[in-house]
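The values are calculated or read from the model by the stated rules, or taken from the named source; none is laboratory data. Worth saying up front: this structure is predicted, and the values here are computed from it rather than measured. Quick reminder, even Gly has a Cβ in these numbers, built from the backbone with ideal geometry, and neighbours come from all protein chains shown. Ligands, DNA and RNA are stripped out before the accessible areas are found, and what is left, the full protein with its side chains, is counted by its heavy atoms. Shrake-Rupley method; radii C 1.70, N 1.55, O 1.52, S 1.80 Å.
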Amino acid sequence: MDKKFPKLCDVIYAYQGITRKVTVKPDTSLLDALISAGIVLDAACGGQGKCGQCRVLVRGALTEPSDEEVDKLGPEILGLGWRLACQAFVKGNVEVIVDDFKTDSRSKLIDSAFFEKNFILQHPSVMEEKVNLRWDDLVAGSVSEALAKALGKDELKIRPEALQELSIYWEEGESWRGSIVKIDEEYVAIFSGHEEKPLCAFVCDVGTTAISIVLLDLKIGKMLSRRTIANPQRSFGADVISRISKATNPKDLLKMQTMLIDSIAMSMRQCLEETNISKERVFEILILGNTVMEHLFWGISPKPLSRTPYVPVFKNILSSEGFKFSALPMHPSGRIWSMPIVDKFVGGDMISVLFELLSLGPKIPCLVIDLGTNGEIGLILDEKIFITSAAAGPAFEGGAISCGMVATDGAIYSLEEDGEHGIKALTIGEGIAKGLCGSGVISAVALFKRMGLIDDTGRIKDPDEIGEKAIASLIVREEGRRKIMIADGIALTQSDIRQVQLAKGAISAAIDLILEKACLSSESLSAVYLAGAFGNYLNPEDVIGIGLLPKDLTGEVKCLGNAALSGGVRFVLGGRESFKVLDRILSKIEFIDIEKENFNEKFLSKLTYL
């Protein structure tokens, strides 16, 4: 009797003007089918049908719409062929049209002000030295000894791979001119010739929602290119808790690591192509991220973070060699490493933020807040640094918002009141508005509160409650639910506002608790520094307007932009001196576990108002 194999189904999808096909087993969700094809959909809820963001237009053999789809889309939208990819399971051949705006993970160059920052080139860990050798120099006894002599050293710590290159380059009876690259005190690669070429490193800030990458020339301390993309792991959920839950499955862990590294590699290749630099000239990659993101990059299960006492698998610096991560465009002898983790959910990205801020000479005492999906808060005193984190959710990065997106071209980063048209949307780059990034979401809520469109509890008012008709006309009702129109196809819903309240409540509660722990009041703060992946687009007045910061704050509020990324750049350019500063920072840190400090009670008290 022949063994029966399950029939396979073809999922034909149109994406960015190109039609392709992927073959899957029956009862595979469209979300998983598209992930296997490299198409990343927003799925803030982790594929549970609760966020409604993985909407696709389909035709073919699928399961009947689930209750979640009926609730999120409604009969009319479902009748037009729209489905939630996480709730629609394949029963036969299917055709799918994917919305480019909802899935666009192509790299974008943003935040030109970042390139205007002043960084000091000190003594990078990766350096290149020129060398001249003659055949007569071999009287030293060996090629490596002759090389050491030419470099003015008694002995040479050199990798065999570098000697392999030298043995290939050198011809009998001829002199040889070239250069040799070292990482710290170990020589790792040899190049023939004295042609001046960049010596490069990448700094990569892996956020839960967005990934930012910078290409550096270590010889001149210059940033050559930068990219920001959406984190492809958002298909597994918008927050770190969802990612941890999925990563407990070894197959999903491997899938999450692979898609993350592939997306990073794609952006890195674009940076190299733009600058016409070979990957053989890249010798360092620094990875910054919260605790969970660093675990997922290394392919280490964050399962111990899923239950009390919520401990990471590692906290120290991890490093590896380029050849072990062949997908990443770099020299095989190059070094990949990640910043150390503080504790629990405070990762290397916060260490990098502190490194950046302390390099700039902050006013002390001060707060520094990294506004992201995993919000991290630091209180800097003369001899101590208190640090904690709060699960803010993805709203501050444009996630879990009906029209949310990362801070790339087309993202609305700020709103202004316009007497003629009601409101004016300011977008990143040129072209039409596509959605709201984190700063745009904050700006929208703050503006609509000032305009009287929403009340102090965050409720969108009925148009009849608003006296001015032009302003009231911004509020529309769709399927019994009110929303505020911002631009064509872009609106802020009641659910979006609740997401902002949750994020604001978490950060505000953590601020109160960390100040209480240090026996300080908000009035005693000299400054508050705000960092975030949405760069320099955040307006401090909007942050105060939504109640994220204490009302009685008297110190200045200053935006640092993506301080984790700029701190990483500063760190790499500083080399050995940076590691000395890192040791001093780590020695001052005291981690505050807010779960043990009545966080839930404080958090709930912050939700009832804006």
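Limited to segment 478-516, what total is found for residues that are in contact with a strand residue (DSSP E or B) (Cβ under 6 Å, 6 or more places away or on another chain) and surrounded by fewer than 17 Cβ atoms within 10 Å (Cβ to Cβ)? Looking only at that region, the number is 2. Per the listing D104, D100, D136, the residue uniquely farther than 30 Å from L30 by Cα, at pLDDT below 80 and either open to solvent by less than 80 Å² (accessible area, probe 1.4 Å) or not β-branched (V, I, T) (or both) is D136. Pairs linking a residue in segment 293-322 that is free of Cβ contacts under 8 Å to residues at least 12 places away in the same chain and in a helix (DSSP H, G or I) to a residue that is surrounded by fewer than 17 Cβ atoms within 10 Å (Cβ to Cβ) and of a type outside the set (F, W, Y), with Cβ atoms under 7 Å and 6 or more positions apart or on different chains, are P304/V311; P304/V313. Of all the residues in segment 190-204, those that are modelled with pLDDT under 95 and in a strand (DSSP E or B) number 3.
Summed over segment 410-442, residues that are crowded, with 18+ Cβ neighbours inside 10 Å and assigned to a loop (DSSP other than H, G, I, E, B) total 5. Take the conditions (1) farther than 29 Å from G567 by Cα; (2) at pLDDT 90 or above; (3) outside any loop (DSSP other than H, G, I, E, B); (4) open to solvent by 10 Å² or more (accessible area, probe 1.4 Å); F448 misses just one of them, which is (4). The residues of segment 380-398 that are among the small types (G, A, S) and open to solvent by 10 Å² or more (accessible area, probe 1.4 Å), listed by number, are S389, A391, G393.
Scanning segment 478-512 for residues that are assigned to a helix (DSSP H, G or I), among the small types (G, A, S) and touching a Lys or Arg at 6+ places or on another chain (Cβ under 9 Å) yields S495, G505, A506, S508, A509, A510. When segment 156-174 is limited to residues that are at pLDDT 85 or above and among the charged types (D, E, K, R), the one that is farthest from V188 (Cα to Cα) turns out to be K157. State all residues of segment 371-404 that are among the hydrophobic types (A, V, I, L, M, F, W, C), under 21 Å from I241 (Cα atoms) and assigned to a strand (DSSP E or B); if no residue qualifies, say none. Correct list: L371, I377, I387, A390, A391.
Checking each residue in segment 35-44 for being surrounded by fewer than 20 Cβ atoms within 10 Å (Cβ to Cβ) and in a loop (DSSP other than H, G, I, E, B) picks out A37, G38. If we scan segment 523-532, do we find a residue that is modelled with pLDDT of 90 or more, crowded, with 23+ Cβ neighbours inside 10 Å and more than 28 Å from T208 (Cα to Cα)? Yes - at least one qualifying residue is present in segment 523-532.
Flag set for V406, criterion: open to solvent by 10 Å² or more (accessible area, probe 1.4 Å) and in contact (Cβ under 8 Å) with a residue 12 or more places away in the chain. Reported count of residues in segment 241-259, each being open to solvent by 10 Å² or more (accessible area, probe 1.4 Å) and either modelled with pLDDT under 90 or small (G, A, S) (or both), is 3.
One residue stands out among those in segment 355-370 that are part of a strand (DSSP E or B) and touching a helix residue (DSSP H, G or I) at 6+ places or on another chain (Cβ under 6 Å): the one that is modelled with the lowest pLDDT, which is D370. Checking each residue in segment 55-90 for being under 18 Å from K25 (Cβ atoms) and not in a loop (DSSP other than H, G, I, E, B) picks out V58, G60, A61, L62, F89, V90. Restricting attention to segment 301-347, the residues being over 23 Å from F579 (Cβ atoms), of a type outside the set (S, T, N, Q) and out of contact with any strand residue (DSSP E or B) (no Cβ under 8 Å at 6 or more places or on another chain) number 10. Sub-6 Å Cβ pairs linking a first residue in segment 372-387 that is closer than 20 Å to A238 by Cβ to a second residue that is hydrophobic (A, V, I, L, M, F, W, C), at least 6 apart or interchain, are N374/V240; N374/F345; G375/A390; G375/A392; G375/I507; E376/V346; E376/M350, ordered by first then second residue. Of all the residues in segment 266-289, those that are more than 29 Å from I341 (Cα to Cα) and either in contact with a Phe, Trp or Tyr (Cβ under 8 Å, 6 or more places away or on another chain) or open to solvent by 50 Å² or more (accessible area, probe 1.4 Å) (or both) number 6. The set of residues from segment 465-477 being over 24 Å from T608 (Cβ atoms) and not in a loop (DSSP other than H, G, I, E, B) comprises K469, A470, I471, A472, V476, R477. If you go through segment 297-305 one residue at a time, do you hit one that is open to solvent by less than 10 Å² (accessible area, probe 1.4 Å) and either on the phi > 0 side of the Ramachandran plot or hydrophobic (A, V, I, L, M, F, W, C) (or both)? There is at least one residue in segment 297-305 that is open to solvent by less than 10 Å² (accessible area, probe 1.4 Å) and either on the phi > 0 side of the Ramachandran plot or hydrophobic (A, V, I, L, M, F, W, C) (or both). When the residues of segment 540-584 are filtered to those that are closer than 29 Å to C200 by Cα and outside any helix (DSSP H, G or I), the one that is most open to solvent (accessible area, probe 1.4 Å) is C559.
In segment 306-335, which residue that is in contact with a Lys or Arg (Cβ under 8 Å, 6 or more places away or on another chain) and under 23 Å from K279 (Cα atoms) is most open to solvent (accessible area, probe 1.4 Å)? Out of the qualifying residues, it is S319.
Scanning segment 359-379 for residues that are within 12 Å of L560 (Cβ to Cβ) and open to solvent by 10 Å² or more (accessible area, probe 1.4 Å) returns S359, L360, P362, D370.
Among the residues of segment 215-263, those that are in a strand (DSSP E or B) and in contact with a helix residue (DSSP H, G or I) (Cβ under 6 Å, 6 or more places away or on another chain) comprise L215, M223, L224, S225, R227, I229. Looking only at residues in segment 585-607 that are over 26 Å from the mean Cα position of the chain (by Cα) and closer than 22 Å to A531 by Cα, the one that is surrounded by the most Cβ atoms within 10 Å (Cβ to Cβ) is K606.
Give the residues of segment 204-217 that are closer than 15 Å to F283 by Cβ and either open to solvent by 10 Å² or more (accessible area, probe 1.4 Å) or assigned by the TED database to the domain that holds L31 (or both), sorted by residue number. Passing the criteria: only D217.
Scanning segment 45-59 for residues that are touching a Gly at 6+ places or on another chain (Cβ under 7 Å) and without any contact (Cβ under 8 Å) to a residue 40 or more places away in the chain yields V58, R59.
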